[in-house]
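Inspection log for the structure reproduced underneath, given as structure tokens.
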Amino acid sequence: MTIVDAVAEPLPRAVIDLAALRRNVAHLAAIAAPAETMLAVKADAYGHGLLPIAEAGLEAGATSLAVLEVPAGLVLRRAGIRVPILAWLHGQDTEWRAAIEHDIELGISAVWQLEAIAAAGADRPAVVHLKVDTGLSRNGATREEWPRLVDAALALQERGVVRLRAAWSHLADASIADDEAALAEFRDAVAEAEARGARFEILHLAASSAGIRMPEARFDLVRFGIAAYGYSPFDDTTGTELGLIPVMRLEAPVVEVHVGGTTHARLAIGYGDGVPTLGIAKSAVQLNGRRCPVIAVEADAMLVDVGNQRVSVGDTAILFGSGASGEVTAEQYADWAETIADEMVTGVTARVPRVYVG
Ligand SMILES: *Cc1c(COP(=O)(O)O)cnc(C)c1O
């Protein structure tokens, strides 16, 4: 009997440099100190993979984790992670009791959420972070609703149903003036809650942007997301300029070469893998040390112009990475595609294997 090896379909891959992640987190934690560092691992750690990123971030100095929803928090708990985990996006199907009994701390924006906690009948108090909207208008009690939310939390604390851990909010990062107005609004809301009898263990407001550039917004804890992955939260500065290293390198093998007046290479990666279709005329990939303009992006492949250089099937093209091999970063690719680095890395779809190094 003859055994014929099936030729494995060549795959793109996202190489995740955990050493870079650790360096970024350590760098940011040093900037934020004495405030603590919470690492935002929402959206599968911005596409980098929830668990490996959470573990590496905690090794490097993060002391807590932020997820959007309870299920991601439960995944972290099941993996044995014991640090504080904050989840703040809740719906009608939120598993309140499981969250509380697995010590997932809960961001709370509305009285109905406190009522759901009271009805959950958990075996311990829920640890809650009351969220006030300071202008972003996305999740968080409005200033009109805030007193009622605080009073409801205080009443439940009295009954041992909740423990008031924090007051917090999120900045829009639209402009320095906006963030300063939001900071004042936040201080005001905290003072109002305190006047009603609330005693918060901690306050937190800043994400990457204010965590880096607005010391007065750091309070007790900074929730770092995008900067930890190596990208700048600012339009006027790159991650590299901030001393950060992009963590993800997106690469794809050459699967076909068409030699003609100019040589075209077909890469095994396309929009089904998260490659943007916007800005194709401006985009380029790095192949054998050279920038090669993108000609077309299809569902599972893309075509690049390799000029007159020699290219072979099996060579690896880099779409974006740390810049160490002359490739662009996700920030540059995002500029071509008229988006942001967050969306570039988070948009790499699940069918692209994540490969961990470092
Ligand atoms: C995503 C998010 C963060 C992290 O934001 P970055 O700008 O990526 O640092 C922090 N806090 C909340 C509430 C978030 O949703």
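Numerical summary
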read-out: Given (1) within 17 Å of the chain's Cα centre (by Cα); (2) more than 27 Å from Met344 (Cβ to Cβ), index of the condition Ala66 fails; value: (2)
read-out: Pairs with Cβ under 8 Å, 6+ apart, first in segment 335-356 and farther than 18 Å from Asp300 by Cβ, second open to solvent by 60 Å² or more (accessible area, probe 1.4 Å) and of a type in the set (Asp, Glu); value: Thr346/Asp44
read-out: Candidates Phe234, Phe219 - the one that is open to solvent by 10 Å² or more (accessible area, probe 1.4 Å), in contact with a Ser or Thr (Cβ under 8 Å, 6 or more places away or on another chain) and within 14 Å of the ligand (Cβ to nearest atom); value: Phe234
read-out: Count of residues meeting criterion [closer than 16 Å to Arg143 by Cα and surrounded by 22 or more Cβ atoms within 10 Å (Cβ to Cβ)] in segment 155-188; value: 7
read-out: Output for segment 315-347, where each listed residue is within 17 Å of Pro10 (Cα to Cα) and touching a helix residue (DSSP H, G or I) at 6+ places or on another chain (Cβ under 7 Å); value: Leu319
read-out: Considering residues of segment 312-335 that are modelled with pLDDT of 95 or more and more than 24 Å from Ala228 (Cβ to Cβ) only, the residue least open to solvent (accessible area, probe 1.4 Å); value: Ala317
read-out: Among (1) open to solvent by less than 30 Å² (accessible area, probe 1.4 Å); (2) of a type in the set (Asp, Glu); (3) within 16 Å of the ligand (Cβ to nearest atom) - the single one Glu251 does not satisfy; value: (3)
read-out: Flag for Ala30 being more than 15 Å from the ligand (Cβ to nearest atom), open to solvent by less than 10 Å² (accessible area, probe 1.4 Å) and under 22 Å from Gly211 (Cβ atoms); value: no
read-out: Where Ala184 falls short, out of the listed (1) farther than 30 Å from Tyr356 by Cβ; (2) within 16 Å of the ligand (Cβ to nearest atom); value: (2)
read-out: Filter result (at pLDDT 95 or above and of a type in the set (D, E, K, R)) within segment 146-173; value: Arg148, Asp151, Glu158, Arg159, Arg163, Arg165
read-out: Among the candidates Leu303, Leu267, Leu287, Leu278, residue that is farther than 30 Å from His27 by Cα, over 25 Å from the mean Cα position of the chain (by Cα) and open to solvent by 30 Å² or more (accessible area, probe 1.4 Å); value: Leu303
read-out: Among (1) among the small types (Gly, Ala, Ser); (2) open to solvent by 20 Å² or more (accessible area, probe 1.4 Å); (3) more than 16 Å from the ligand (Cβ to nearest atom), the one test that Ser137 misses; value: (3)
read-out: Close pairs (7 angstrom Cβ cut-off, 6 or more residues apart or separate chains): farther than 22 Å from Leu18 by Cβ in segment 59-87, more than 16 Å from the ligand (Cβ to nearest atom) and acidic (Asp, Glu) anywhere; value: Val70/Glu95
read-out: Segments classed as strands (runs of 3 or more DSSP E), wholly inside segment 283-358, with at least 2 members that are within 23 Å of Gly57 (Cβ to Cβ); value: 354-357
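The values are calculated or read from the model by the stated rules, or taken from the named source; none is laboratory data. What you see is a predicted model, and the numbers here were worked out from it, not measured in a lab. Glycine gets a Cβ as well: all are built from the backbone with ideal geometry, and neighbour counts include every protein chain shown. Side chains included, ligands, DNA and RNA excluded: accessible areas come from the protein's heavy atoms. Shrake-Rupley method; radii C 1.70, N 1.55, O 1.52, S 1.80 Å.
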